[in-house]
Amino acid sequence: MKNVRWKAQSMVLLAAMAAATGNMALAQGASDEQPANWREANDAVGQFKRGHADILKWEAQNLKSATPEQTVPTGFALPTLESAVRAAWKPHLELQKIMARLGQGNVDRVANGQWMDVEARQQRRIEGLDELFEVAADARKAWLIAVAAKQAVRLQQESLEAAEAATELGRRMVKVGNWSRYQQSRVELGLSSEKRAYQQARLAAAQAEQALIKLLGFNGIHQSLQLPDSLPDLPKESIASDRLTAELQEITAQLPVFNQTKTRINFDLARGAYLTALDVAQSYRNDVMAQRNLIVDESVLQYNGMLKSVWELLTEVQGRAQAQRETIDAIRDYWVAETDLLWVLQGGEPQSFVTPGSPSGADASAAGN
């Protein structure tokens, strides 16, 4: 549904561009005269009885050639956090004996992220078990960063396409004398900014994917990965505070005094990052995006009713796209923060913790491990 809404609103922009430049296939019954300004472009769009919903239908019938053909996914498939963890364990042959002692049930719990359900705090009883958790933590965080980066590329590409449509509209309006070069230069600058952001997003995604490939020991074996299109959604509930406290007491009781103090300090840092990351992510998902969607939906209606220009609509669409990217970062940071918290409760010592709201918050945490 979200992709359909975005595509519909993008098509409003494309329809305005076509209408403003005399594209009669899209106008469907509009005047044969070339529209003189954005109000006439709006009027052309308004001739669709259901506004942008009909534009979507028109696109499906007439713009198939403009849609890239879907290709068969390539690369090693890592659809879930669990699959990333299990793949990360395989190159570490020394972990096989540890997993045998731990038992299949507990191994499955670790792979699934149910670390607090591991029986009897066995990390103090099985030598080398801390490495099993460390490899799992690193794999989870690298996978989260790679998936988030891939998701960001898709959103940035959609934002770029909207900017390209608006820029083309501006260029054609300049040709027919309805716009000045000054007005067009501002739109051209916006397009340049979107292009840079898209290239940066692609580079970040490629680097994150290669970092995950290296961590999994796939260098020379797999050149690419088949990752999901989006991160896991946020959980319905946070981990109960009393359970976290009980887990902390259980683990510290098995540690030397010096390590107990260090674990308590790490626990406070990890829990603080976890709770803040969850709050920030929920705020973006439930509040910010709800408002952004409302603003864009209303802007589309006003555009169809000739109360907003295509440029005003574009501004709102781009604002929503930025909020979507920030939401991805926030959700990524939550899952990274959860991983750090679970790891601390197994005696782990992350060298850094997530700073929610920072564009590189998750990267800093992963880089330190």
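The values are calculated or read from the model by the stated rules, or taken from the named source; none is laboratory data. Predicted model, so just to flag it, every value in this text is computed and none were measured. Backbone-built Cβ (ideal geometry, glycine too); neighbour counts: all protein chains shown. Surface areas here come from the heavy atoms of the whole protein model, side chains and all, with no ligands, DNA or RNA. Shrake-Rupley method; radii C 1.70, N 1.55, O 1.52, S 1.80 Å.
From the list ILE265, ILE251, ILE221, which residue is open to solvent by less than 80 Å² (accessible area, probe 1.4 Å), more than 30 Å from ALA162 (Cα to Cα) and β-branched (Val, Ile, Thr)?
Sole residue among the options that is open to solvent by less than 80 Å² (accessible area, probe 1.4 Å), more than 30 Å from ALA162 (Cα to Cα) and β-branched (Val, Ile, Thr): ILE251.
Pick from region 330-359 the residues that are assigned to a loop (DSSP other than H, G, I, E, B), open to solvent by less than 20 Å² (accessible area, probe 1.4 Å) and hydrophobic (A, V, I, L, M, F, W, C): which of them is nearest to GLN249 (Cα to Cα)?
My answer is LEU345.
Restricting to region 296-321, name every residue that is touching a Ser or Thr at 6+ places or on another chain (Cβ under 8 Å) and at pLDDT 85 or above.
Within region 296-321, GLU316, ALA321 meet the criteria.
Can you spot a residue in region 233-254 that is free of Cβ contacts under 8 Å to residues at least 40 places away in the same chain and of a type in the set (Val, Ile, Thr)?
yes
This table checks each residue for (1) out of contact with any helix residue (DSSP H, G or I) (no Cβ under 7 Å at 6 or more places or on another chain); (2) open to solvent by 40 Å² or more (accessible area, probe 1.4 Å); (3) modelled with pLDDT of 90 or more.
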site: ALA88; (1), (2), (3): no, no, yes
site: GLN96; (1), (2), (3): yes, yes, yes
site: ALA100; (1), (2), (3): yes, yes, yes
site: ASP108; (1), (2), (3): yes, yes, yes
site: GLY113; (1), (2), (3): no, no, yes
site: GLY128; (1), (2), (3): no, no, no
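Does GLU161 satisfy being on the phi < 0 side of the Ramachandran plot, assigned to a helix (DSSP H, G or I) and in contact with a Ser or Thr (Cβ under 7 Å, 6 or more places away or on another chain)?
Yes; evaluated as a whole, the condition is true for this residue.
β-branched (Val, Ile, Thr) and touching a Leu at 6+ places or on another chain (Cβ under 9 Å), is that true of VAL187?
Spelling it out, VAL187 is indeed β-branched (Val, Ile, Thr) and touching a Leu at 6+ places or on another chain (Cβ under 9 Å).
Mind listing whichever residues of region 196-252 are outside any helix (DSSP H, G or I), hydrophobic (A, V, I, L, M, F, W, C) and either farther than 24 Å from GLN157 by Cβ or out of contact with any helix residue (DSSP H, G or I) (no Cβ under 6 Å at 6 or more places or on another chain) (or both)?
LEU216, PHE218, ILE221, LEU234, ILE239, ALA240
Considering every residue within region 145-159, establish whether at least one is touching a strand residue (DSSP E or B) at 6+ places or on another chain (Cβ under 9 Å) and under 28 Å from GLY347 (Cα atoms).
For region 145-159, residues touching a strand residue (DSSP E or B) at 6+ places or on another chain (Cβ under 9 Å) and under 28 Å from GLY347 (Cα atoms): present.
Which ones in region 278-310 are of a type in the set (Gly, Ala, Ser) and either free of Cβ contacts under 8 Å to residues at least 60 places away in the same chain or farther than 19 Å from ALA148 by Cα (or both)?
Once the filter is applied, which keeps residues that are of a type in the set (Gly, Ala, Ser) and either free of Cβ contacts under 8 Å to residues at least 60 places away in the same chain or farther than 19 Å from ALA148 by Cα (or both), region 278-310 yields SER283, ALA290, SER299, GLY305, SER309.
For region 281-327, give me the residue count where each residue is outside any helix (DSSP H, G or I) and of a type in the set (Lys, Arg).
Number of matching residues: 1.
Which residues, taken from region 168-183, are within 16 Å of SER309 (Cβ to Cβ) and assigned to a loop (DSSP other than H, G, I, E, B)?
ASN178, TRP179, SER180
Is there a residue being among the β-branched types (Val, Ile, Thr) and buried (at least 21 other Cβ atoms within 10 Å of the Cβ) anywhere in region 305-326?
Scanning region 305-326, I find at least one residue that is among the β-branched types (Val, Ile, Thr) and buried (at least 21 other Cβ atoms within 10 Å of the Cβ), so the answer is yes.
For PHE258, are the conditions met, namely being surrounded by fewer than 17 Cβ atoms within 10 Å (Cβ to Cβ) and under 17 Å from PRO350 (Cα atoms)?
Yes; evaluated as a whole, the condition is true for this residue.
If you take the residues in region 175-204 that are farther than 20 Å from ALA162 by Cβ and not hydroxyl-bearing (Ser, Thr, Tyr), which one is surrounded by the most Cβ atoms within 10 Å (Cβ to Cβ)?
Once the filter is applied, the top-ranked residue is ALA204.
For region 224-243, name all the residues that are under 14 Å from LEU342 (Cα atoms) and surrounded by 18 or more Cβ atoms within 10 Å (Cβ to Cβ).
Once the filter is applied, which keeps residues that are under 14 Å from LEU342 (Cα atoms) and surrounded by 18 or more Cβ atoms within 10 Å (Cβ to Cβ), region 224-243 yields only ILE239.
Go through GLN226, GLN254 for me and flag whichever is at pLDDT 90 or above and farther than 19 Å from ALA136 by Cβ.
GLN226
So ASN293 fits all but one of (1) open to solvent by less than 60 Å² (accessible area, probe 1.4 Å); (2) modelled with pLDDT of 95 or more; what number is the exception?
Only one criterion is unmet by ASN293, namely (2).
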